[in-house]
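Student: What follows is a single structure, and I will ask about it in a moment.
The values are calculated or read from the model by the stated rules, or taken from the named source; none is laboratory data. Not measured: the values here are computed from a predicted model. Don't worry about glycine lacking a Cβ; one is built from the backbone with ideal geometry, like all the others, and counts go over all protein chains shown. SASA here: full protein model, heavy atoms, side chains in, ligands and nucleic acids out. Shrake-Rupley method; radii C 1.70, N 1.55, O 1.52, S 1.80 Å.
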Amino acid sequence: MKIHEYQAKELFAAHGVPVPRGRVAATPAEARKIAEELGGKVVVKAQIHAGGRGKGRLVSQGETDAMYQKLTTDPGSNAGQVKGERVGGVRLASTADEAEREAANILGKHLVSIQTGPEGKLVKHVLVEEQSAVAKEYYLSIIIDGGTASPLILASTEGGQEIEVVAHNNPEAIVRVPINPVSGYEPYVGRVVAERLGFSGDQGAQFATLLEGVSKTFRDADASMVEVNPLVLTEDGRVLALDAKINIDDNAMFRHKDLAELRDKDEEDPLEVLAQDLGVANFIKLDGNIGCIVNGAGLAMATMDTIKLAGGEPANFLDIGTVNDPQRVVNALKVILEDPSVEAILVNIFGGMARVDIIAQGVIDAHQQMKIEVPVVMRLVGTNLAEGEKLLQDSGLPVVRAQELGDAARKAVEAASRAA
């Protein structure tokens, strides 16, 4: 689960991480009031779940596709400015009046950046916070390293840009320090990272304190990623988290009722929200036209690869898991059929603990409960296969059958091309 920058900064502050003073506003008038409290010289920042806000462009809803095309084909000319006069979703104001005007320019507009996609993101809130005189920018994050199954600190002296760019252009500039999963974060880690980034004296102590707070936030929120980009050293010698991004592990949300309230469903893909509401948790919307229902993440990945090899494009990743209730199959089909781009559906089941007859019954129930007009291709193997085959045969449904995955993918691609 992603949360907004202002929410992440509230979590940071609660864990002792120094952040600029500021609050969130939903109206220009609120932005003005906050700016007055902060002395007038503020930054007004659009709050959306996407990066590239300073480089993005604010447009009306009907202009989003054209702006995204410009950003992707000629980013140098159209991405806006990161420093100096801000032209995108991050704007500088010198007075409360300016803060009010800038908030009015942002709120209610669609912000289009490289990360939003062509539809852009509707801006409903802005963060109004004090300006910071920046002497130097750094990068800091904590992620889960799959290779060591432990948290990993990533830091760099090259902040204010995407860490992927730094990794490509200057990988030596990235400091990597693992956190022992048994003993947890220990104070010496902060001193080590501070020294490797060039901090010393009071600033080194400030950084170590900040990193400890970031680590506590990561741990207490069950985060999968915490990022500060940029982390800054100000001209008056303070070390601040100028930005904040936190992703929380969905599998840990059952013990974070307070954090669950921070979720903004309007920022998420509507199909993915529907999938979660219907209990189809392992669903990711993709750009293709062939819907997939598969049991097991590995088999789902193989299925999508096979669809591409057959000349098609998957419309989703959907791992239905070990199914013991036909209604879960019905719900999976409901989610897929809400996607107007889907022109065929491929059901690929290798039944071990999952029962083929339950899958078959779910497909039958779905046809009885819904109007399914797109072709359905089914490849079924495994437990209770004979019972599942008989159910489908007796139902008389016009499903397309296949014995092996390659054949199923080809039939799905052919069916989608005929439906197009």
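Student: At a threshold of 8 angstrom on Cα-Cα distance, excluding pairs fewer than six apart, so keeping six or more, what relative contact order does the chain reach in percent?
Tutor: 13 percent
Student: Considering the options Ser94, Met353, Ser132, tell which one lies farthest towards the positive end of the dipole of the chain, charges being +1 on Lys and Arg and -1 on Asp and Glu at the Cβ, about the Cα centre.
Tutor: Ser94
Student: Using a 1.4 Å probe on the protein heavy atoms, what percent of the accessible area of the range 126-184 belongs to carbon and sulfur?
Tutor: So the carbon and sulfur contribution to the accessible surface is 54 percent.
Student: Which of these values of mean projected area of the Cα convex hull in nm² was calculated from the structure shown: (i) 20.4; (ii) 22.8; (iii) 21.8?
Tutor: Recomputing mean projected area of the Cα convex hull in nm² here picks out (ii).
Student: Still on this model: What accessible surface, in Å², does a 1.4 Å probe find on Glu119, ignoring ligands, DNA and RNA and rounding to the nearest 10?
Tutor: Answer for Glu119: close to 110 Å² accessible.
Student: Let me ask you something else. On a full-extension model of 0.36 nm per residue, what is the gain between Glu162 and Gln131, subtracting their alpha-carbon distance, rounded to one decimal in nm?
Tutor: Result: 9.0 nm gained on full extension.
Student: From the phi angles alone, apply the Karplus equation (6.51, -1.76, 1.60; θ = phi - 60°) to the range 186-195 and give each ³J(HN,Hα) in whole Hz, x where the residue is Gly or Pro.
Tutor: Result, ordered by residue: 10, x, 4, 4, x, 5, 5, 5, 4, 5 Hz.
Student: Per residue Cα convex hull volume for the range 192-297, in cubic angstrom?
Tutor: Looking at the range 192-297, the number lands at 177 Å³ per residue.
Student: Given the options Glu387, Glu343, Glu162, state which has the largest fluctuation in a GNM of the chain using a 10 Å cut-off (strictly under) for Cα springs.
Tutor: Glu387
Student: For the chain, set up a Gaussian network in which alpha carbons nearer than 10 Å are linked by springs, and say which option among Ala25, Ala241, Ala332 fluctuates the most.
Tutor: Maximum among the listed residues: Ala332.
Student: Quick check: pseudo-label points 7 Å beyond the Cα along Cα→Cβ at Ser183 and Glu261, how many nm apart are they?
Tutor: About 3.8 nm separates the two model spin labels.
Student: Apply 1/(1 + (r/R0)^6) to the Cβ-Cβ distance of Arg418 and Asp277, taking R0 = 41 Å, and write down the FRET efficiency to the nearest 0.05.
Tutor: 0.80
Student: Another one. With each run of n ≥ 4 DSSP H residues scored as -39500 (n - 2.57), what mean residue ellipticity at 222 nm is computed for the chain after dividing by its residue count and rounding to the nearest 500 deg cm²/dmol?
Tutor: Helix-only estimate at 222 nm: -11500 deg cm²/dmol.
Student: Accessible area per residue, 1.4 Å probe, Å², for the chain: what's the number? Before the final figure, lay out the partial values.
Tutor: Numbers: 19590 Å² over 420 residues.
Averaged over the residues of the chain, the accessible area is 47 Å².
Student: Also: At a probe size of 1.4 Å, how large is the accessible area of His256, to the nearest 10 Å²?
Tutor: Its heavy atoms expose roughly 20 Å² to the probe.
Student: If amide hydrogens are placed 1.01 Å from N in the peptide plane, which non-local residues have theirs closer than 5 Å to the one on Arg355?
Tutor: Val323
Student: Further question on the same structure: Give me the one-decimal nm value for the distance between modelled label points at Asn169 and Asp249, 7 Å along each residue's Cα-to-Cβ direction.
Tutor: About 3.4 nm, to one decimal.
Student: Out of all DSSP beta bridges in the chain, what portion is antiparallel? Express it as a percent rounded to 5.
Tutor: Roughly 75 percent of the DSSP beta bridges within the chain come out antiparallel.
Student: Just list whichever of Lys2/Lys371; Lys2/Lys109; Lys334/Lys411; Lys245/Lys308; Lys136/Lys216 have alpha carbons separated by over 32 Å in the model shown.
Tutor: Result: Lys2/Lys371; Lys245/Lys308 exceed 32 Å.
Student: Related question: Between Lys371, Lys334, Lys245, which gets the highest mean-square fluctuation from a Gaussian network model of the chain, Cα cutoff 10 Å?
Tutor: The residue with the greatest mean-square fluctuation here is Lys371.
Student: Continuing with the same structure: Run the quick spin-label model on Gln393 and Thr95: label points 7 Å from Cα toward the beta carbon, then report their separation in nm to one decimal.
Tutor: 8.4 nm
Student: What lysines could a cross-link reach from Lys41, if we take a straight Cα to Cα line under 18 Å and drop same-chain neighbours fewer than 8 places away?
Tutor: Cα-Cα hits under 18 Å: Lys33, Lys83.
Student: Would you mind checking which residues have amide H under 5 Å from Leu346's amide H? H placed 1.01 Å from N; only 5 or more apart, or other chain.
Tutor: Gly291, Cys292, Ile293, Val377
Student: Let me ask something else. Whole-Hz Karplus ³J(HN,Hα) for the range 403-418, in order, using 6.51 cos²θ - 1.76 cosθ + 1.60 and θ = phi - 60°, x for Gly and Pro?
Tutor: My calculation for the range 403-418 gives 8, 9, 5, x, 5, 4, 5, 4, 5, 5, 5, 5, 5, 5, 5, 6 Hz in order.
Student: Quick one: Karplus J couplings for the range 239-253, per residue in order, coefficients 6.51, -1.76, 1.60, θ = phi - 60°, nearest Hz, x for Gly and Pro?
Tutor: Karplus-based 3J(HN,Hα) across the range 239-253 equals 9, 10, 8, 6, 9, 7, 9, 9, 10, 9, 5, 4, 5, 9, 5 Hz.
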